[in-house]
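Peer 1: The structure that follows is given in the form of C-alpha cells.
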Amino acid sequence: MPPSWNILDFEKPIAELDEQIAEIKRLTAESGEDRTEDILALETDRDRLIEQIFANLSAWDKTLLARHPKRPYTLDYVRTIFDDYTELHGDRLFADDPAMVGGIATLDHRQVMFVGQQKGRDIKERGYRNFGSAKPEGYRKALRLMKLAEKFHRPVICFVDTPAADVNVGAEQRGISGAIARNMMEMATLKTPVVVVVIGEGGSGGAIGIALGDRVLMLEHSIYAVIPPEGFAAIVWKDAARGKDGAEVMKVTSEGGRELGLVDEVVKEPLGGAHRNMDLAARNLKAALVKHIDELLEVPIPELLDTRYKKFRGMGAYSEKMI
Amino acid sequence: MTPAPWFGRRAKAARKTARQSVDALPDGLWTKCPQCSEILFNKELLKNMRVCNKCGYHYILGAAERIESIVDDGAFEEMDANLATVNVLEFDEYEPKLAKWRAKTGMEEAIITGVGEIDGRSVVLGVLDFHFWAGTMGGVVGERVVRAMEFAIQNDMPVIMFIASGGIRVTEGLPGLMQMAKTSAACAKLHEAGIPYIVVLTDNSLAGVLASYGSLGDFTISEPGLLTGLTADRVAKQAQVVNVPDNFRRAEFALQNGHIDRIVPRKDLKPTLIKLLAFCREQEDNEDAA
C-alpha cells in the first residue's frame, strides 16, 4: 500500500517532516547519538507549518478532514471518554443496525445513554457498518434507547458521523423517512437532557435524525450540511465536480455552523486534527460533555423542554414585510 | 419519393418528429398525457381535476388549484402572507433563482397556508406548490408550517398538510435542514394538544419534507402513482441503489410497505377528508348531533 493513501494533499508537507523526525529518532536510537535539540527544532518547525496550513484551510479541505480515513470514529471516542460502556442492540422490530451504535455508559460518576453513528475503518468493517449510513432500524434503535434514558432520567449523548441515511430499497421499504421524522418529533419532547456532538460528517437527514438536542456541539474540523457538497453542486450547477464551491457556499464548517447560529459550541481539536492526537481530542470532548451535561442536569425538565422547543422553533431565516 | 419507414432508426426519428409536432400544438388547447400519450382537450382535463380520463394519470396541481378543489366554494383565507424569503447563505445565485421561480409561477414562496372551510368546518390548510422551486422547504415554508400548526392549536382546528416537494431547499444550507427539526417539533406540540393532523401526499413527496412533518400525520393518504421516498431520482442514481422493484418509491410501494393509510384518487379526496375529519370531531359535537 502506498504510504500516501491516507494522507490528504495539504497534509503532505507535514507528513514529510513527520517522516524526517521519525528517521532521525530511529538513527539516533541505533547510534546512541544525542540529537534531541535537532529533533525539537524540527518538531517546532513542523508545528509551525501545521498552524500555517490549518489557518488557511478551505471549507472543502475541512470536508476532506471530516472524512479523513484516519479520523477517530464514534467508538474510538467512546472507549476513551466513558469509564464504562455497555452496548445495547436492536430495535425490537426488525434488526440490529451496526451503523448506529448505542448503550449505557458512565461519564465519570454520571450514568448516561449514548447513541451514535459508527463508520468502519477497513474495507470489511466499512461494509459491516454500511459506511456509517444508518437504516430505519438504526434510527428506531436510537429512539428506543433514548426513551429508556427518559424513563430512568439519564441524560442522552448523541454522536453524529454519517454521510447520509441509507436510501436503498430495504431502507425505503421499512420507512426511513418516517423513522427520521419520528425521532425528531420524539426528541423534541424527550424529558431528559440531550447533548449532540457532530464529530465528523453531519450529513443531512441522516444526521438530524439523532441531532435534536438541548446543546448541539461540533468538533472543530467536522462538517454539518443539508446535503454533501458534491450533491449541492450536482443540484445547483449540474456538476458534481464542483463540490469545493458547494462546501464554501453552504458554510459546512464548524465556524459556519457558529456563524449561522445553529451550533452552541465548537470543541477544539489538537493541532493538525483529531487524528494526530486521539487522546487529546477525546479529553477536549469529554470536558465539553461534562460541562454541558452538568449545566443541563440543573435545569428543571419543563424549562428544559421549553428552551429546547424555542431553540429549534427559532431556526431558519425569513423576514416579515409590512402589508 | 420514398415511403415512410416502419422499422429502424429512421422510423424512430419519424415517430419522434410526430410526437414533437403534437407538443407544438397551440398552447392552451391540448395537452398530451405524459403517461399514456393520449391527446387531452384542456377544458376536459380541467373539468376532470387535471386527471387523464384515459389512464388516470394525476397531473401535478398548483397550490391555488388544490385549495379550490378542496374548500367549499372558495372559502379560504390565507395567513402569514407577509413572511418573505431571506438569502440566508448570502449565496449570489440565490436571488436570481428566486426571481426566476417567482416570475414563472406568480407566487412568492412554495407554500400557501391559511384557514379554509371543508364541509362547513374550519380547517387549517398548508399546501405546497411543486411548480415553485420544486416545492422545496426553506425558512419561509418552515415558518409558515409551524405558524399554521400553532394557529390550529390556539383555535382548536384540525390541520391538513398537502405535500408536494423535492425536499429541503439546499441553497438555504443548514438553516434549511433545521426546518425538518422545527416542523417535527411543532408536530409534537400538535399531537400533545390532541389536534387532528392529516397529511396528503401528492406528486412529488420526497426527502426532507417527507422525512419531517410529511410523515407525522394521524392519517396519511396519497394520490395514486406519485413519487415518494427519501431521495430524488438523481440522488438515488448517484447512490447507486440496486435491485429496484418496478413500483419503487411510488404511492403503491408506500401502501404495500405500510407507510400510508390509503391511496385516494383526486375526485375522492374531499369526501375522504370529510370522513376523516368527522371521525376526529370532538365528543360534544356528537352529543349535539344525538
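The values are calculated or read from the model by the stated rules, or taken from the named source; none is laboratory data. The structure presented is a predicted model; accordingly, all values stated were derived computationally and were not measured. No Cβ is skipped: glycine too gets one built from the backbone with ideal geometry, and neighbour counts run over all protein chains shown.
Here is a yes/no grid of residues against (1) under 30 Å from A:Q118 (Cα atoms); (2) modelled with pLDDT of 90 or more:
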{"site": "A:P3", "(1), (2)": "yes, no"}
{"site": "A:I7", "(1), (2)": "yes, no"}
{"site": "A:K12", "(1), (2)": "yes, yes"}
{"site": "A:D18", "(1), (2)": "yes, yes"}
{"site": "A:I24", "(1), (2)": "no, no"}
{"site": "A:E30", "(1), (2)": "no, no"}
{"site": "A:D34", "(1), (2)": "no, no"}
{"site": "A:W60", "(1), (2)": "yes, yes"}
{"site": "A:A66", "(1), (2)": "yes, yes"}
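Peer 1: Could you please let me know if B:D156 is more than 19 Å from the chain's Cα centre (by Cα) and farther than 30 Å from B:L89 by Cβ?
Peer 2: Taking the combined requirement at face value, the residue satisfies it.
Peer 1: Considering segment B:1-58 alone, what residues qualify as being of a type in the set (D, E) and modelled with pLDDT of 85 or more?
Peer 2: B:E38, B:E44
Peer 1: Please list, ordered by first then second residue, the pairs with beta carbon atoms under 8 Å, 6 or more apart or interchain, first in segment A:288-313 and at pLDDT below 95, second in a helix (DSSP H, G or I).
Peer 2: Hits for this filter: zero, empty list.
Peer 1: Taking interchain pairs and intrachain pairs at least six residues apart, which have beta carbon atoms under 7 angstrom, with the first residue in segment B:121-134 and aromatic (F, W, Y) and the second surrounded by fewer than 24 Cβ atoms within 10 Å (Cβ to Cβ) and not in a strand (DSSP E or B)?
Peer 2: The qualifying pairs are B:F130/B:I60; B:F132/B:W101; B:F132/B:T105; B:F132/B:M107; B:W133/B:W101.
Peer 1: A further question follows. Among the numbered conditions (1) surrounded by fewer than 15 Cβ atoms within 10 Å (Cβ to Cβ); (2) touching a residue at least 12 places away in the same chain (Cβ under 8 Å); (3) among the aliphatic types (A, V, I, L, M), tell me where A:L17 comes up short.
Peer 2: (1)
Peer 1: Which condition number does A:M322 fail, the rest of (1) in contact (Cβ under 8 Å) with a residue 24 or more places away in the chain; (2) over 18 Å from A:I199 (Cα atoms); (3) hydrophobic (A, V, I, L, M, F, W, C) being met?
Peer 2: A:M322 satisfies all of (1) in contact (Cβ under 8 Å) with a residue 24 or more places away in the chain; (2) over 18 Å from A:I199 (Cα atoms); (3) hydrophobic (A, V, I, L, M, F, W, C) except (1).
Peer 1: Any residue in segment B:78-92 that is facing chain A (nearest Cβ under 7 Å) sitting within a Cβ distance under 8 Å of a residue that is loosely packed, with under 14 Cβ neighbours inside 10 Å and among the basic types (K, R)? List the pairs, counting only those 6 or more apart or interchain.
Peer 2: Cβ pairs passing all conditions: B:N82/A:K321; B:L83/A:K321; B:A84/A:K321.
Peer 1: Do we have A:L262 as within 10 Å of another protein chain (Cβ to nearest Cβ) and either within 16 Å of the chain's Cα centre (by Cα) or over 16 Å from A:A211 (Cα atoms) (or both) here? Working first, answer last.
Peer 2: On the way: within 10 Å of another protein chain (Cβ to nearest Cβ): yes; either within 16 Å of the chain's Cα centre (by Cα) or over 16 Å from A:A211 (Cα atoms) (or both): yes.
When the stated conditions are applied, A:L262 passes them.
Peer 1: If B:A290 meets every condition in (1) within 30 Å of A:G209 (Cα to Cα); (2) more than 14 Å from every other protein chain (Cβ to nearest Cβ); (3) at pLDDT below 95 apart from one, which number is that one?
Peer 2: So B:A290 meets the others, but not (1).
Peer 1: Here is a further query. All but one of (1) within 24 Å of the chain's Cα centre (by Cα); (2) surrounded by 11 or more Cβ atoms within 10 Å (Cβ to Cβ) hold for A:N56; state the number of the condition that does not hold.
Peer 2: A:N56 satisfies every listed condition except (2).
Peer 1: Given the conditions (1) away from every other protein chain (no Cβ under 11 Å); (2) in contact with a Pro (Cβ under 7 Å, 6 or more places away or on another chain); (3) more than 20 Å from B:H58 (Cα to Cα), report the number of the one that B:G139 does not fulfil.
Peer 2: The one condition B:G139 does not meet is (1).
Peer 1: With the structure loaded, tell me whether B:F151 is part of a loop (DSSP other than H, G, I, E, B), among the aromatic types (F, W, Y) and either under 27 Å from B:G120 (Cα atoms) or free of Cβ contacts under 8 Å to residues at least 60 places away in the same chain (or both) or whether it fails that test.
Peer 2: Spelling it out, it is not the case that B:F151 is part of a loop (DSSP other than H, G, I, E, B), among the aromatic types (F, W, Y) and either under 27 Å from B:G120 (Cα atoms) or free of Cβ contacts under 8 Å to residues at least 60 places away in the same chain (or both).
Peer 1: Any chance you could count how many residues in segment B:57-115 are of a type in the set (K, R), closer than 30 Å to B:L40 by Cβ and surrounded by 13 or more Cβ atoms within 10 Å (Cβ to Cβ)?
Peer 2: Qualifying residue count for the region: 2.
Peer 1: Please enumerate the residues belonging to segment A:9-31 that are among the small types (G, A, S) and closer than 20 Å to A:L64 by Cα. Full working, then the answer.
Peer 2: Residues of segment A:9-31 that are among the small types (G, A, S), as a first pass: A:15, A:22, A:29, A:31.
Across segment A:9-31, the qualifying residue is only A:A15.
Peer 1: Only residues that are buried (at least 24 other Cβ atoms within 10 Å of the Cβ), within 7 Å of another protein chain (Cβ to nearest Cβ) and among the small types (G, A, S): list them for segment A:156-183, please.
Peer 2: Across segment A:156-183, the qualifying residues are A:A165, A:S177, A:A181.
Peer 1: Among the helices (runs of 4 or more DSSP H) lying completely within segment A:223-306, list those that include at least 2 residues that are farther than 29 Å from B:F91 by Cβ and out of contact with any Pro (no Cβ under 6 Å at 6 or more places or on another chain). Break it down stepwise before answering.
Peer 2: Numbers: elements: A:229-236, A:243-250, A:254-259, A:278-297.
Ranges flagged: A:278-297.
Peer 1: Among (1) crowded, with 18+ Cβ neighbours inside 10 Å; (2) out of contact with any His (no Cβ under 8 Å at 6 or more places or on another chain), there is one condition B:N42 misses while meeting the rest; what is its number?
Peer 2: (1)
Peer 1: Could we say that A:M187 is on the phi < 0 side of the Ramachandran plot, aliphatic (A, V, I, L, M), in contact with a strand residue (DSSP E or B) (Cβ under 9 Å, 6 or more places away or on another chain) and within 10 Å of another protein chain (Cβ to nearest Cβ) here?
Peer 2: In short, yes.
Peer 1: Also: Just checking, does segment A:190-200 include any residue being under 23 Å from A:Y73 (Cα atoms), facing chain B (nearest Cβ under 10 Å) and buried (at least 24 other Cβ atoms within 10 Å of the Cβ)?
Peer 2: No, there is no match, as no residue in segment A:190-200 is under 23 Å from A:Y73 (Cα atoms), facing chain B (nearest Cβ under 10 Å) and buried (at least 24 other Cβ atoms within 10 Å of the Cβ).
Peer 1: Which residues, taken from segment A:235-244, are more than 16 Å from B:L174 (Cβ to Cβ) and either facing chain B (nearest Cβ under 7 Å) or under 23 Å from the mean Cα position of the chain (by Cα) (or both)?
Peer 2: A:G243, A:K244
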